[in-house]
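A.B. asks: So that we are looking at the same thing, I have put the structure below in structure tokens.
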Amino acid sequence: MTTYYEEIGGFETFRRIVARFYEGVADDPMLRPMYPEEDLGPAEERFLLFLVQYWGGPTTYSDTRGHPRLRMRHAPFAVTPDAKDRWLTHFRAGLDEVGLTPEQDQQFWDYVTHAAQFMVNTFE
Ligand code: HEM
């Protein structure tokens with residue numbers, strides 16, 4: 001059975017999406033200060049490996065980080081509706097970068113929009 005991961009081009013496609021996403025985060029005055037580490041590289045790697053695993057690629061993420069527990073891992077950060085919208089804007093740029101088919105794009109976009117909504121933990 002072909003996984004979605006393989007279907008869209010495997011590791012290289014995910015790497016490009018996440019690289020573009022992090023370029024956006026690096027330049028975002030609201031999001032950048034939320035990332036605890038000076039170097040965004042390790043955070044980029046964690047997110048990349050998570051997405052690779054989620055879509056059927058290698059399970060390196062859980063092998064090294066354990067169960068994702070994403071909502072819990074975001075609890076230390078004030079994820080407001082505004083932060084979520086910015087986050088999604090950068091992810092949209094990442095998806096645009098790789099030019100998936102409309103069906104593939106919709107599938108990925110549906111997932112991240114729902115996941116991002118789920119991560120919101122601060123309302124003001
Ligand atoms: C809604 C807006 C979001 C904001 C503002 C946000 C922000 C952050 C921040 C500040 C970190 C810590 C960086 C690090 O040291 O790893 C992080 C980690 C992470 N985020 Fe998000 N995030 C958002 C949504 C999402 C979504 C939708 C996903 C998944 C689809 C996701 C997946 C991850 C993963 C996998 C990690 C690393 C977890 C770990 O292993 O420690 N995030 N996020």
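A.B. asks: Identify, from the list 2, 13, the residue that is in a loop (DSSP other than H, G, I, E, B) and away from the ligand (no atom under 13 Å from the Cβ).
C.D. replies: Working: 13 fails: in a loop (DSSP other than H, G, I, E, B).
Testing whether each residue is in a loop (DSSP other than H, G, I, E, B) and away from the ligand (no atom under 13 Å from the Cβ) leaves just 2.
A.B. asks: Please find, within segment 69-95, the residue that is farthest from the chain's Cα centre (by Cα) out of those that are more than 10 Å from the ligand (Cβ to nearest atom) and without any contact (Cβ under 8 Å) to a residue 60 or more places away in the chain. I'd like the intermediate steps shown before the answer.
C.D. replies: Within segment 69-95, the first condition is being more than 10 Å from the ligand (Cβ to nearest atom), and the residues that meet it are 75, 89, 92-95.
If we keep only those that are without any contact (Cβ under 8 Å) to a residue 60 or more places away in the chain as well, we get 75, 92.
Working: 75: 16, 92: 10 Å.
Taking the candidates together, the pick is 75.
A.B. asks: Between a first residue in segment 43-59 that is within 7 Å of the ligand (Cβ to nearest atom) and a second residue that is outside any helix (DSSP H, G or I), which pairs have beta carbons less than 8 Å apart while being 6 or more apart in sequence or on different chains?
C.D. replies: 43/35; 43/37; 50/68
A.B. asks: Pairs please, first residue from segment 13-37 and under 15 Å from residue 80 (Cβ atoms), second anywhere and among the basic types (Lys, Arg), Cβ atoms under 9 Å, 6+ apart in sequence or on different chains.
C.D. replies: 28/86; 30/86; 31/86
A.B. asks: Of the conditions (1) of a type in the set (D, E, K, R); (2) more than 24 Å from residue 6 (Cα to Cα); (3) in contact with a Phe, Trp or Tyr (Cβ under 6 Å, 6 or more places away or on another chain), residue 44 satisfies every one except a single condition; which number is it?
C.D. replies: Evaluating residue 44 over (1) of a type in the set (D, E, K, R); (2) more than 24 Å from residue 6 (Cα to Cα); (3) in contact with a Phe, Trp or Tyr (Cβ under 6 Å, 6 or more places away or on another chain) leaves (2) as the failure.
A.B. asks: Residue by residue through segment 56-70, note down the ones that are farther than 18 Å from residue 44 by Cα and either of a type in the set (S, T, N, Q) or part of a helix (DSSP H, G or I) (or both).
C.D. replies: none
A.B. asks: Any residue in segment 101-119 that is part of a helix (DSSP H, G or I), within 20 Å of residue 35 (Cα to Cα) and free of Cβ contacts under 8 Å to residues at least 24 places away in the same chain?
C.D. replies: Within segment 101-119 (the criterion being part of a helix (DSSP H, G or I), within 20 Å of residue 35 (Cα to Cα) and free of Cβ contacts under 8 Å to residues at least 24 places away in the same chain), the answer is no, since none of the residues qualifies.
Throughout, read-outs are computed from the coordinates displayed, never taken from laboratory work. Because the structure is a prediction, the values reported are computed rather than measured. No Cβ is skipped: glycine too gets one built from the backbone with ideal geometry, and neighbour counts run over all protein chains shown.
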